[in-house]
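Chemist: Before we start, here is the structure in question, set down as structure tokens.
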Amino acid sequence: AATPTKRYSITLLPGDGIGPEIIFVTKNVLKLAGSLEGIEFSFQEMPMGGAALDLTGVPLPEETLSAAKKADAILLGAIGGYKWDKNEKHLKPETGLLQLREGLKVFANLRPATVLPQLVDSSTLKKDVAEGVDLMVVRELTGGIYFGKPRGFGINEKGEDIGFNTEVYATHEIDRIARVAFEIARKRRGQLCSVDKANVLEASMLWRKRVAAIASEYPDVELSHMYVDNAAMQLVRYPKQFDTIVTNNIFGDILSDEASMITGSIGMLPSASLGESGPGLFEPIHGSAPDIAGQDKANPLATILSAAMLLKYGLGEENAAKRIENAVLDTLNKGFRTGDIHSAGNKLVGCKEMGEEVLKSVDSPI
Ligand code: ATP
Ligand code: MG
């Protein structure tokens, strides 16, 4: 291995259910890919979610948040489980995740949806539609209707109960998410589609105007605009037309879930959440899968690919990221599959063995 020249500190938050299994496996992959690129990691494991509740009484202990803030990047497994489902809101594992995102001020959520050639049959779409899909949804995470004020319940002129929310975006919120999306599109295939509802909503009108203005800083990226209803349709009709999509909080919530179903492999999908400065948060999109926890059945690839995103988007270490991405493809090419992506003719393996196979491929790529 090359002599270590670069050092990064990574906070690991294994969490609950299959979290500890997938984080254990991924840590080893990250370590090896780093060492082959002259990178040395120091890992710090901290409690979070249900595990933290049992240990300390809160889902996000102060020590965990302050460690995370000081790290160069954070890798999270998964949180939650039946045991804590009936807890009050402030004592739910999921509340800890919201507090973590808030504490890190991560406003950009990146969700790639890629149909790997080895897993085309997992897609919910017809083979010729699914084949070759490789897109990225960039969702604004800290503004819009989920946070806008005024909000609440009230009574209208007729004395009827009402509930109301407000979609608000300020120029700086749009500009910063637009820049993140343009940067990502630049690293991908150079196409950015901004999704809004500018024919109806004022917040979307400003969104469209600002995204178009920021485009002048990125002459190498091709910008298009699409209404969200059309985008929802185009995603299942012909998803290959998309490279990078940028959209607001609520549209992104819906479209990123829709995009993930195109691939049909929840155990394969990573995500990243980035802030202006400070560490990014990287995690698989799936939950803690309590039904298979502790049985060595979990697919670790979503978390391993989250580690690749950590290297690429969190640390700017694209070579090490590429090593991991290639190792995952290599392992699938050799026919290794966990239960969730298994089909006839392939080799069924558990979480640990899958991790070991990826390690072999990181070490000696074909
Ligand atoms: P959420 O946690 O988002 O509320 P959920 O608890 O329904 O949703 P998951 O925990 O992701 O979602 O589990 C959904 C299903 O997918 C379960 O049957 C689970 O076993 C399976 N699953 C999720 N992640 C994986 C994985 N990494 N490997 C194998 N199976 C998985
Ligand atoms: Mg869950």
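Readers should treat all values here as calculations from the given coordinates under stated rules, not as data from a laboratory. What you see is a predicted model; the values in this text were computed from it and never measured. Neighbour counts are summed over all protein chains in view; Cβ atoms, including those assigned to glycine, are modelled from backbone coordinates with ideal geometry.
Chemist: Hand me the GluC sites (Glu not before Pro) from segment 100-197 located in a DSSP loop with no more than 12 other Cβ atoms within 10 Å, in residue order please.
Modeler: Glu157, Glu160
Chemist: While we're looking at this one, here's another question. Once the Cα gyration tensor of the chain is diagonalised, what are the square roots of 5 times its eigenvalues, in whole Å and ordered largest first, as equivalent ellipsoid semi-axes?
Modeler: 32, 26, 21
Chemist: Can you give the extra length, in nm with one decimal, that the chain gains between Glu353 and Asp161 once fully stretched, where that is 0.36 nm per residue apart less the Cα-Cα distance?
Modeler: The span from Glu353 to Asp161 would gain 63.5 nm if fully extended.
Chemist: Can you show me the helix-derived [θ] at 222 nm for the chain, built from DSSP H runs with n ≥ 4 at -39,500 (n - 2.57) apiece and divided by the number of residues, rounded to the nearest 500.
Modeler: Calculated mean residue ellipticity at 222 nm is -12000 deg cm²/dmol.
Chemist: Still on this structure: If I model a spin label at Val200 and Asp121 as a point 7 Å from the Cα along the Cα→Cβ vector, what separation in nanometres do I get?
Modeler: It works out to 4.1 nm between the two label points.
Chemist: Just the number, please: percent antiparallel of the DSSP beta bridges in segment 108-227, rounded to the nearest 5.
Modeler: About 65 percent, rounded to the nearest 5.
Chemist: For Asp85 and Asp134, calculate 0.36 nm times their separation in residues minus their Cα-Cα distance, and state this gained length in nm to one decimal.
Modeler: Residue separation times 0.36 nm, minus the Cα-Cα distance, leaves 14.1 nm.
Chemist: Assign unit charges at the C-beta atoms only (+1 for Lys and Arg, -1 for Asp and Glu), then state the dipole size of segment 94-164 relative to its Cα centre in Debye, rounded to the nearest 20.
Modeler: 220
Chemist: Using per-residue counts of other Cβ atoms within 10 Å, averaged over each peptide, order 202-208, 225-231, 17-23 from highest down.
Modeler: 17-23, 202-208, 225-231
Chemist: Just to be sure I understand: of the beta bridges DSSP finds with both ends in the chain, what percent are antiparallel, rounded to 5?
Modeler: 35
Chemist: Which parts of segment 291-327 would a label at Lys334 reach, counting a residue when its backbone N lies under 11 Å from a point 7 Å out along Cα-to-Cβ?
Modeler: Under cut-off, by backbone N: 327.
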